[in-house]
Amino acid sequence: MLVSRHGSAMLTAAARIAGSPIAADDAVQETLVIAWKRLAQLREREHVRGWLIRIATHQALDHLRERRREVPFPRSLESPGEGPEVSAMRRAQLVDLSRAVHALTKTQRDCWILREVEEMRYVDIADRIGLTTGQVRGNIARARLSIKTRMEDWR
C-alpha cells in the first residue's frame, strides 16, 4: 500500500538528489525497510508521505556521500539532437547542484527540498518539520543563497 501510494514521490525525491536511477531505487528500497522498522514512530498517519520522502531524501544523500566519484546520468535524460558537450555540461551542472544541496544544513536541505522539489506550501512544510512558517522561510532563503553562491560559476 505504501509503495503504490507514495513510491513515485519517494523515487522522484531520491532521484533528484542521488543523480542516478540505480542509487534512487536503492534509496527507496532502504527507505521502505527503515519505514517498516520505524512505523511505530510515525505520530500522525496523514503525514506519512512527508515522512517517507524525508527518509528517502536522507537515504539518497547517504548514497551521495558513499559515492565520491561522479556517476554518469543515463543518456535518456539528454534532449534529442543534444551534442556531447551540452550533455556533459548538463551532467556537470546537476552534479554541482547535488553537491550544493548536500552542503546545506539538514534543516535547510529539508525545507528547500520540500519547497522546491515537492512544491509544498510554507505552512505545510512548517507543520511537517515542526518549525514556524517564519523559520521555514528563513531556512529556505538561506538555502537558496547558499545554492546560488555555490552555483555562481554556472551563471
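Quick look at the values:
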{"item": "Number of positions in region 26-53 that are buried (at least 18 other Cβ atoms within 10 Å of the Cβ) and free of Cβ contacts under 8 Å to residues at least 12 places away in the same chain", "result": "0"}
{"item": "Flag for R109 being touching a Lys or Arg at 6+ places or on another chain (Cβ under 9 Å) and within 21 Å of L11 (Cα to Cα)", "result": "no"}
{"item": "Among (1) of a type outside the set (S, T, Y); (2) under 14 Å from the mean Cα position of the chain (by Cα); (3) outside any helix (DSSP H, G or I) - the single one L114 does not satisfy", "result": "(3)"}
{"item": "Matching residues, region 72-94, being at pLDDT 75 or above and of a type in the set (K, R)", "result": "R90, R91"}
{"item": "From L61, L97, residue being at pLDDT 85 or above and either under 16 Å from the mean Cα position of the chain (by Cα) or part of a loop (DSSP other than H, G, I, E, B) (or both)", "result": "L97"}
{"item": "Matching residues in region 127-155 - criterion: being more than 16 Å from L97 (Cα to Cα) and buried (at least 20 other Cβ atoms within 10 Å of the Cβ)", "result": "R128, V136, N139"}
{"item": "Which numbered condition A92 misses (of (1) open to solvent by 60 Å² or more (accessible area, probe 1.4 Å); (2) free of Cβ contacts under 8 Å to residues at least 40 places away in the same chain)", "result": "(1)"}
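The values are calculated or read from the model by the stated rules, or taken from the named source; none is laboratory data. The model shown is predicted, which means the values in this text are computed figures rather than measured ones. For neighbour counting, all protein chains shown are included, and Cβ atoms are generated from backbone atoms with ideal geometry for every residue, glycine included. These area figures cover heavy atoms from the full protein model, side chains too; ligands, DNA and RNA do not enter into them. Shrake-Rupley method; radii C 1.70, N 1.55, O 1.52, S 1.80 Å.
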